[in-house]
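Okay, so here's the structure we're looking at.
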Amino acid sequence: MSPYEQPSTVLADLARAYGIATEYWDWRGEHVVVSAATIRSVLAAFDVDARDDAAAAQALHDAGLRPWRRMLPPFTLLREGQGGQLAVHVPHGKPLSVWIEMEDWGGRFTLQQIDKWVEPRNVDGQLTGEATFELPGDLPLGWHTVYAEIPGQHEAGVPPRTGTLCVVPDVLPLPPAVASRGARGVTAQLYQIRSHSSWGMGDFSDLADTAVWAGHDLRSDFVLINPVHASSPVPPVEPSPYLPTSRRFTETAYIRVEDIPEFAYAAPQVRARIEELAAAARALNEADVIDRDAVVSCKREALRLIFESPRSVRRQREFEHFCQSRGPALLDFATWCALQASRAGQQGPLPDELSGPMAPEVQQFRRTHPDEVGFEMWLQWIADGQLDEVQRACKGIGMSIGVMKDLAVGVHPDGADAWALGDVLARGVTVGAPPDPYSQRGQDWSQPPWRPDRLEEAGYQPFRDTLTAALRSSGGVRIDHIIGLFRLWWVPEGREAIDGTYVRLDHEALIGILVLEAQRAGAVVVGEDLGTVEPWVRDYLAERGILGTSILWFEQEHGGLRQPERYRRLCLASVTTHDLPPTAGYLLGEHVSVRERLGLFTRPAAQEWHDFEQERGRALARLQERGLLSSPDGKAWTNEVVRARTEQIVEGLHRFLSWSPSLLVAIGVPDLIGDRRGINQPGTSDEYPNWRFPLAGPEGQPVFLEDLVTSRRAVRLARCVERGRPRRVR
């Protein structure tokens with residue numbers, strides 16, 4: 001069968017029943033019909049047999065019966081102040097009792113049935129009816145439990161059926177300080193910011209120093225950092241912070257060993273060995289590329305020595321309380337880490353006999369290796385405690401937001417979350433992105449996506465846990481690729497990214513849960529809404545109080561840079577992003593040269609250079625028009641001229657940005673020091689040292705935290721985004 005065969009009518013109907021797109025418009029504005037082969041592969045990830053039209057027709061029939069086979073829907077969402085209806089399915093003619101138990105006070109609220117006739121259906125040989133109950137509009141915010149039972153069944157030993165009812169705010173309110181005057185901040189890749197005390201990469205102590213410096217000297221309100229989700233506990237370590245092993249736990253390589261209280265009281269021989277390890281790790285600071293494997297090896301040995309040192313009664317009780325409060329999820333994660341450590345860094349998934357937390361061999365491992373599992377739990381306690389200290393330091397100097405974390409799109413296919421969450425994640429497909437101007441063959445991020453039907457059956461608890469972790473010890477969260485809460489690009493295993501298709505999720509549920517959890521945390525939410533976005537999505541996010549993202553280079557209108565006064569108010573605006581080079585590098589075409597060198601173009605390189613030079617020329621003309629840049633004395637804006645005036649141009653671009661109404665404005669730390677190297681080249685893996693570069697100056701010289709915090713250049717650039725008087729738009 002040809003992989004480009006168009007889907008039949010029944011296959012297309014079945015695809016739509018599962019939220020699978022059968023057609024879409026690409027970045028060039030061209031209409032694309034998804035192949036039947038792609039649709040069948042994606043349906044297989046839902047465990048749906050669609051090998052031919054007869055199988056597809058049966059699967060479509062079963063999909064229609066799915067809600068009728070449940071007494072209660074597994075998940076129901078209401079917006080605050082808005083009532084609703086609840087459909088309950090029982091054998092036709094049976095009486096029914098339905099009630100809600102509230103989250104906070106445990107009170108019971110009995111639901112009233114509505115006089116609404118729905119024709120009964122034959123479901124698997126049983127005539128089944130649908131009873132409708134009214135959900136009142138004055139239910140409190142929170143996670144409540146719905147119960148339903150047929151009278152008399154409880155006495156017969158049949159427990160009531162349950163479902164989750166989540167009541168969410170209509171709009172996420174902004175913190176008053178942010179709403180009234182906006183906020184300025186810096187964006188940072190934490191591992192890049194090394195001090196002379198770092199063990200080969202930046203850590204939470206370096207983050208605290210960076211944040212306090214930014215808050216005090218640069219008058220910043222926030223520091224937006226890369227995801228600090230957990231990676232592999234032992235080498236080899238995945239360098240990308242956007243491909244973690246778990247989004248529910250913290251990266252322990254960011255621990256500052258010397259800041260752990262027990263270090264000061266450790267035995268002399270223990271301290272001596274740790275000092276040896278520290279010296280070896282600090283020698284890594286001289287390298288031009290970060291060696292995470294070496295960092296993790298040194299730190300784990302040092303941390304194990306401290307773990308085995310005595311703790312005070314108070315500290316031990318705090319550790320025990322932490323473990324209890326994080327519950328079974330922490331135990332599962334720690335067990336996975338200990339299992340990985342016991343395999344001496346072997347790559348790939350755990351063997352079949354260790355395929356999940358409930359496997360007998362896994363339970364046996366826990367019983368026989370309590371210290372190894374306990375060590376991994378202790379690491380999480382230390383990491384979370386140090387990150388919490390950073391946020392306290394930020395708030396202590398008056399930053400209105402403080403730390404803003406980044407939430408990655410997904411997790412490693414062989415990681416802890418994929419292992420622990422089981423079939424809530426889809427198999428046989430990965431998440432990616434369709435082709436766009438910067439990745440013209442599309443992207444495959446090698447992450448298993450949420451499986452929408454199983455996520456709903458789980459009452460969205462895994463998603464809630466992920467958000468809770470991201471909002472802990474922070475004043476805000478950036479949702480990477482927030483469009484993935486509406487639809488995700490699924491790539492079938494063994495196919496190219498360009499051969500994928502979109503799969504829709506229940507955005508009302510996902511965004512509602514995000515708004516609820518963020519309101520409870522008092523946090524700002526920024527959605528990275530770049531790339532191919534349906535027009536209505538940005539309006540929907542703004543209506544819910546979620547800020548969007550504006551990158552200066554992507555804000556184009558009428559053949560040039562969009563006037564700053566026409567930027568969105570509810571957004572985080574910056575000149576560049578981590579998927580582009582720092583501004584100094586972008587101005588010199590670093591992103592073009594890298595892609596040319598790696599053969600990533602689908603059209604002639606000369607055309608790409610021509611288009612870039614035209615784009616740059618229009619941007620510089622806009623700065624000249626607004627009085628932010630003088631002409632190059634009759635010369636063209638060649639690379640030589642731009643190189644000589646880079647710092648002036650970078651300052652002009654940021655001052656231009658400051659005239660926007662955007663509530664949040666950010667500067668990348670690499671821009672503060674004139675770094676030029678791109679931290680990530682989308683669409684590549686080992687071809688480019690993604691996520692491995694430490695901070696460097698304009699000529700590639702290493703820049704340490706001690707240099708950053710004394711930089712006059714950084715202070716000058718930060719002053720450029722102070723809100724100035726906007727000039728009249730011409």
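A compact table of results
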item: Within the stretch 408-433, tally of residues that are open to solvent by 20 Å² or more (accessible area, probe 1.4 Å) and either of a type in the set (F, W, Y) or not in a strand (DSSP E or B) (or both); result: 11
item: Matching residues in the stretch 627-645 - criterion: being open to solvent by 10 Å² or more (accessible area, probe 1.4 Å) and in a helix (DSSP H, G or I); result: N639, E640, V641, R643, A644
item: Selection within the stretch 205-223 - of a type in the set (A, V, I, L, M, F, W, C) and crowded, with 24+ Cβ neighbours inside 10 Å; result: L207, A211, A214, F222, V223
item: Count of residues meeting criterion [in contact (Cβ under 8 Å) with a residue 24 or more places away in the chain, part of a helix (DSSP H, G or I) and open to solvent by 10 Å² or more (accessible area, probe 1.4 Å)] in the stretch 263-276; result: 3
item: Failed item, numbered, when S342 is tested on (1) surrounded by 14 or more Cβ atoms within 10 Å (Cβ to Cβ); (2) in contact (Cβ under 8 Å) with a residue 24 or more places away in the chain; (3) out of contact with any His (no Cβ under 7 Å at 6 or more places or on another chain); result: (1)
item: Answer residue from the stretch 66-85, given it is hydrophobic (A, V, I, L, M, F, W, C) and either assigned to a loop (DSSP other than H, G, I, E, B) or out of contact with any strand residue (DSSP E or B) (no Cβ under 9 Å at 6 or more places or on another chain) (or both) and is farthest from Y147 (Cα to Cα) among those; result: M71
item: Within the stretch 124-138, considering residues that are polar (S, T, N, Q) and open to solvent by less than 50 Å² (accessible area, probe 1.4 Å), the one nearest to the chain's Cα centre (by Cα); result: T132
item: Residue check, K94 at pLDDT below 95, surrounded by 11 or more Cβ atoms within 10 Å (Cβ to Cβ) and closer than 19 Å to Q153 by Cα; result: yes
item: Qualifying residue in the stretch 146-166 (condition: surrounded by 17 or more Cβ atoms within 10 Å (Cβ to Cβ), in contact with a helix residue (DSSP H, G or I) (Cβ under 8 Å, 6 or more places away or on another chain) and within 30 Å of R569 (Cβ to Cβ)); result: yes
item: The stretch 131-170, residues that are of a type in the set (D, E) and more than 13 Å from V98 (Cα to Cα); result: D138, E155, D170
item: Residues of the stretch 108-123 satisfying the condition of being more than 13 Å from H89 (Cα to Cα) and surrounded by 11 or more Cβ atoms within 10 Å (Cβ to Cβ); result: F109, L111, I114, K116
item: Hits in the stretch 657-697 - residues which are part of a loop (DSSP other than H, G, I, E, B), within 14 Å of D579 (Cα to Cα) and touching a strand residue (DSSP E or B) at 6+ places or on another chain (Cβ under 7 Å); result: R677, P682, G683
item: Close pairs (7 angstrom Cβ cut-off, 6 or more residues apart or separate chains): under 24 Å from P357 (Cα atoms) in the stretch 396-420, open to solvent by 20 Å² or more (accessible area, probe 1.4 Å) and of a type in the set (S, T, Y) anywhere; result: A408/Y242; V409/Y242; P413/S446
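The values are calculated or read from the model by the stated rules, or taken from the named source; none is laboratory data. The shown structure was predicted, so the numbers you read here are calculated from the model rather than taken from an experiment. Methodologically, a virtual Cβ is constructed for each residue, glycine included, from the backbone with ideal geometry; neighbour enumeration extends over all protein chains shown. Protein only, heavy atoms only, side chains kept; ligands, DNA and RNA dropped before computing areas. Shrake-Rupley method; radii C 1.70, N 1.55, O 1.52, S 1.80 Å.
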